[in-house]
Amino acid sequence: MNIRKETLEHWTAEDSAELYGIRNWGNGYFDVNEQGELVVSPYQGNNAPSVSLLNVVNGIKDRGMNMPVLLRVSNILDSQIRLLHSSFRKAIKQTGYKGVYKGVFPIKVNQQQQVIEEIVRFGKEFHHGLEAGSKAELIAALGTLRDRDACLVCNGYKDEEFIDLALYACKLGFQCIMVVEMIGELPLIIERSRALNIKPLIGLRMKLSTRASGQWAESGGDRSVFGLNTAELIEMVDLLRKEEMLDCLRLLHYHIGSQISNIRDIRAGVLEASRVYVGLVQEGATMGFLDLGGGLAVDYDGSHTNYHQSRNYTLDEYCVDVIDTVAETLTENGVAHPTIITESGRATISYCSVLLFNILDVTRFEPSSIPDTIPEDAHEMTKDLMVILKNLNQKNLQECFHDAIYYRDELRILFKNGRISLRERGLAENAFWHIMVLINKLVKKLKYVPDEFEGLDNALADIYYGNFSVFQSLPDAWAIKQLFPIMPVHRLNERPVRNAIISDITCDCDGKIEQFVDLHDERRTLPLHELRENEEYYLAAFLVGAYQETLGDLHNLLGDTNVVSISISPEEGRFEINRELEGDSVADVLSYVEYNPQALLDSFKQNAERAVREKMITAAERKGIMTAFEDGLRGYTYFER
Ligand SMILES: *Cc1c(COP(=O)(O)O)cnc(C)c1O
């Protein structure tokens, strides 16, 4: 009865929007249309143009590229940089702050050349700079940045080569600031600047006593591995004074961690840093820059809370709180307002990337049917399971649940001791799962669901096999249980009738996703549609632009996915493909782990020739086999239809 009623009820794209929470986490960039397709709308506002993601998928496929594809929407990156600067400008105006804001993008968050190039291009108008944490990142920055009014902040441990490069950048007119992370770096910076006769721009990274809660709490606070404590900070000032270089000390930096979900932690950090800034000015340092690091969070689950996968503040609130706190502390002490720098990585880049993948197959959890009669000589406990199955109802379901588990476990022991047959164990296990399916249905009708039933939905969920690798494309989903919103890109005006978890195509039992975004806590299964014969079913994972590409690895030798960068035209429904990057071929990934594809081919050829010699195959068959091997080497590492 219930199922009939449900299917008869009308389901619209609006219902899907609500179910998947797209307007909670989409930041205005993603929505659904009346045709039940997911749409991307790169600029916020009412009449902003939008494009159906299904059309994008089809456009990519028509051009001959296969799923999975990492899609980058350039205009979203543009929009995020714009929003950051306009929010800070608004806050500066509103509070009467006397300094300016300049952002830098921390390269480590997404080092891809195309991405850094776009950030530099879109950021030019706002003098948005870069942050480098290593020599390689500094070289990438110096080779990309043109705007001398943008800042180039160098964090990380610096050797002579790193220091020299940063000094040369200053000589070329860049605002390249070397941030001292360890007191021991300072003598070398002084020595090299004397040797090259270039005046350095020096910053210092401090350890705040403020600690933020959340995943990256250890990045800040007294226990953080980076930065100077107060005693070292004074030591540094004294050394610079002795060398008559206090005028080179220009910037104070701190970073209390990524994804700071509570605005109170942000405020506390800024307040402490502002006080230290005042102290440094009072010590006679020239200063001029206050760099608040990263930490601006992304609302992955859309709950607008201080849950670690969310944030309890808006961008505007962040900017006002930061500017207000700095202004108040400095004005109070008669110190000039500095240029504020933030190093927002995650918040800048997350939204613009979407992982698109197709579903290859589904395993349903459906126990096979139970015979009407069971053997006379079956064990008592097997018979007991059958009785439970027959008598189960809403009132006794908790008792039945406990009994079923007890009998199942006892029967397993009996089997191990050779007391029941394999066939009987099969029957008992099957009956057990029938009971669980029934219980799960009844549980749904309870007003209050006891904790012990919580895992049941998950245990009975369908498994949808997605054509991607968690380890390559969503490594944080595995490593730190990061949530990424996932939903179908089409069929959104149909009711999703299955509950699923998603497995990838690595043969690793960790290669799955079974935590999904929800306004309240997290959900263990994702509602999805039934697969249709001869029709692809596409899902998308959102907010994957930060950290995932670089952290991804070659588990099971599944390589980089295809990458397609689009920009959405002002004309409704149209988009252009800016760039395509073909993903790794099998030969590519093999060479990463030091194989020589040509040598593999030669060696395999010898196997084939030996088979010809031994008359196992004909010469013509050898040709076919060799072609298959060569095609395999050239092919995509993911499943191709
Ligand atoms: C990682 C890092 C960032 C970026 O942090 P987000 O939270 O991604 O904005 C900024 N600054 C430093 C020093 C970092 O290590």
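The values are calculated or read from the model by the stated rules, or taken from the named source; none is laboratory data. Predicted model, so just to flag it, every value in this text is computed and none were measured. Every residue, glycine as well, gets a Cβ built from its backbone with ideal geometry; the counts of neighbours run over all protein chains shown. Remember, those area values only see protein heavy atoms, side chains included, never the ligands or the DNA or RNA. Shrake-Rupley method; radii C 1.70, N 1.55, O 1.52, S 1.80 Å.
Just want the answer: with Cβ charges of +1 for Lys and Arg and -1 for Asp and Glu, which residue in LEU414, THR12, LEU543 is farthest toward the dipole's positive end in the chain?
LEU543
Once you keep just the Cα pairs under 8 angstrom separated by 6 or more residues, what percentage relative contact order results for the stretch 538-641? Could you put the intermediate results ahead of the total?
Values: 85 pairs, mean separation 26.6, N = 104.
Relative contact order comes out at 26 percent.
In this model, which of LYS171/LYS242; LYS135/LYS242; LYS124/LYS481; LYS93/LYS124; LYS90/LYS199 are farther than 32 Å apart at the alpha-carbon?
Values: LYS171/LYS242 24 Å; LYS135/LYS242 29 Å; LYS124/LYS481 36 Å; LYS93/LYS124 21 Å; LYS90/LYS199 35 Å.
Too far apart for the 32 Å limit: LYS124/LYS481; LYS90/LYS199.
Over the chain, what is the relative contact order in whole percent, taking alpha-carbon pairs under 8 Å and six or more residues apart? Spell out each step's value before the answer.
Working: 1211 pairs, mean separation 104.3, N = 641.
Here the relative contact order equals 16 percent.
What is the log10 of I(q)/I(0) for the stretch 531-639, computed with the Debye formula using one identical point scatterer on each Cα and no solvent, at q = 0.10 Å⁻¹?
Reported log10 I(q)/I(0), two decimals: -0.51.
Considering only protein heavy atoms and a probe of 1.4 Å, how much of the accessible area of the chain is carbon and sulfur, as a whole percent? Walk me through the numbers on the way to the answer.
Values: 14710 of 29730 Å².
Whole-percent figure for carbon plus sulfur exposure: 49.
Would you work out if the stretch 436-586 is rounded, prolate or oblate? Take a ≥ b ≥ c from the square roots of the eigenvalues of the alpha-carbon gyration tensor; rounded if a/c is under 1.5, else prolate when a/b is larger than b/c, oblate otherwise. Display every interim value, and only then the final one.
Numbers: a/c = 2.06, a/b = 1.54, b/c = 1.34.
Since a/c reaches 1.5 and a/b is larger than b/c, the shape of the stretch 436-586 is classed as prolate.
Taking 0.36 nm per residue of sequence separation and subtracting the Cα-Cα distance, how much length would be gained by fully extending the chain between GLU366 and GLU125, in nm to one decimal? Intermediate values should be presented prior to the final figure.
On the way: separation 241, 0.36 × 241 = 86.76 nm, distance 5.83 nm.
In short, 80.9 nm is gained.
Taking R0 as 41 Å, what FRET efficiency do you get between ASN47 and GLN94 from their Cβ-Cβ distance, rounded to the nearest 0.05?
Values: r = 27 Å, r/R0 = 0.66.
E between ASN47 and GLN94, to the nearest 0.05, is 0.90.
Stokes-Einstein diffusion coefficient for the chain at 20 °C in a medium of 1.002 mPa s, Rh from the Kirkwood formula over Cα pairs: what value in µm²/s?
Working: Rh = 28.2 Å.
Using the Kirkwood radius from Cα pairs, D works out to 76 µm²/s.
Over all directions, average the projected area of the Cα convex hull of the stretch 374-449 and note it in nm².
Orientation-averaged projected area of the Cα hull: 4.8 nm².
With θ set to phi - 60°, apply the Karplus curve 6.51 cos²θ - 1.76 cosθ + 1.60 along the stretch 376-383 and write out the HN-Hα couplings as whole Hz, x wherever there is a Gly or Pro.
Taking θ as phi minus 60°, the curve returns 3, 8, 4, 5, 3, 6, 5, 5 Hz for the stretch 376-383.
Of the listed peptides 407-419, 325-337, 47-59, what is their order by residue-averaged count of other C-beta atoms within 10 Å, with the highest listed first? Could you put the intermediate results ahead of the total?
Values: 407-419: 14.4, 325-337: 16.4, 47-59: 18.8.
In descending order of packing, they fall as 47-59, 325-337, 407-419.
Roughly what angle does helix 113-123 make with the longest principal axis of the chain, taking Cα atoms, 0 to 90 degrees, to the nearest 10?
Helix 113-123 sits at roughly 50 degrees to that axis.
Magnitude of the Cβ-charge dipole of the stretch 274-366, K/R +1 and D/E -1, about the Cα centre, nearest 20 debye?
Details: 4 positive and 13 negative charges, 39 e Å.
Charge dipole, the stretch 274-366, about its Cα centre: 180 debye, nearest 20.
Please compute the length gained on full extension between ARG613 and ARG275, using 0.36 nm multiplied by the number of residues separating them and subtracting their Cα-Cα distance.
On the way: separation 338, 0.36 × 338 = 121.68 nm, distance 8.27 nm.
Full extension of this stretch gives 113.4 nm more.
Measuring from centroid to centroid over Cα atoms, what is the spacing of the stretch 236-284 and the stretch 392-424 in Å?
64
So if R0 is 41 Å, what FRET efficiency would ASP62 and GLN606 give, r being the distance between their Cβ atoms, rounded to the nearest 0.05?
On the way: r = 41 Å, r/R0 = 1.00.
Once rounded, the FRET efficiency stands at 0.50.
Could you tell me how many degrees, from 0 to 90 and to the nearest 10, lie between the Cα long axis of helix 74-95 and the main elongation axis, the longest principal axis, of the Cα atoms of the chain?
50
For the stretch 1-115, what class follows from the C-alpha gyration tensor (a ≥ b ≥ c being the square roots of its eigenvalues): rounded when a/c is under 1.5, otherwise prolate if a/b is larger than b/c, else oblate?
Values: a/c = 2.90, a/b = 1.60, b/c = 1.81.
Oblate, because a/c is 1.5 or more while a/b does not exceed b/c.
Mean residue ellipticity at 222 nm from the helices of the chain, using -39,500 (n - 2.57) per DSSP H segment of n ≥ 4 over the full residue count, to the nearest 500 deg cm²/dmol?
Details: 23 runs with 262 residues, N = 641.
Value at 222 nm, helices only, nearest 500: -12500 deg cm²/dmol.
Kindly provide the pair-distance distribution of the stretch 602-641 built from C-alpha pairs, with 10 Å bins from 0 and whole-percent values in order of increasing distance.
30, 44, 22, 4
Would you please give the residues with an amide H less than 5 Å from that of PHE30, counting only those at least 5 places away or on a separate chain, with H modeled from the backbone geometry?
SER41
Expressed as cubic angstrom per residue, what is the convex hull volume of the alpha carbon set of the stretch 362-503? It would help to have the intermediate numbers written out before the result.
Details: hull volume 24.8 nm³, N = 142.
Roughly 175 Å³ of hull volume per residue.
VAL497 to ASN55: FRET efficiency via 1/(1 + (r/R0)^6), r the Cβ-Cβ distance, R0 22 Å, to the nearest 0.05?
Numbers: r = 25 Å, r/R0 = 1.16.
E between VAL497 and ASN55, to the nearest 0.05, is 0.30.
If you average the C-alpha positions of the stretch 479-546 and of the stretch 151-170 separately, how far apart do those two centres end up, in angstrom?
If you average the Cα positions of each part, the centres end up 43 Å apart.
What angle do you read, to the nearest 10 degrees and between 0 and 90, between the alpha-carbon axis of helix 263-282 and the longest principal axis of the chain?
Around 20 degrees separate the two axes.
So what is the relative contact order of the stretch 103-194, in percent, for Cα pairs below 8 Å that sit 6 or more residues apart? Could the numbers behind the result be given before it?
Details: 142 pairs, mean separation 22.7, N = 92.
Reported as a whole number, the value is 25 percent.
Whose amide H sits under 5 Å from the amide H of GLY129, counting only residues 5 or more places off or on another chain, with H placed in the peptide plane?
Distant-sequence amide H within range of GLY129: GLY103, VAL104, PHE105, CYS151.
Whole Å is fine, so just give me how far the alpha carbon centre of the stretch 8-53 lies from that of the stretch 70-113.
25
Taking a probe of 1.4 Å, how large is the accessible area per residue of the chain, in Å²? Please list the in-between numbers first.
Details: 29730 Å² over 641 residues.
Dividing the accessible area of the chain by its residue count gives 46 Å².
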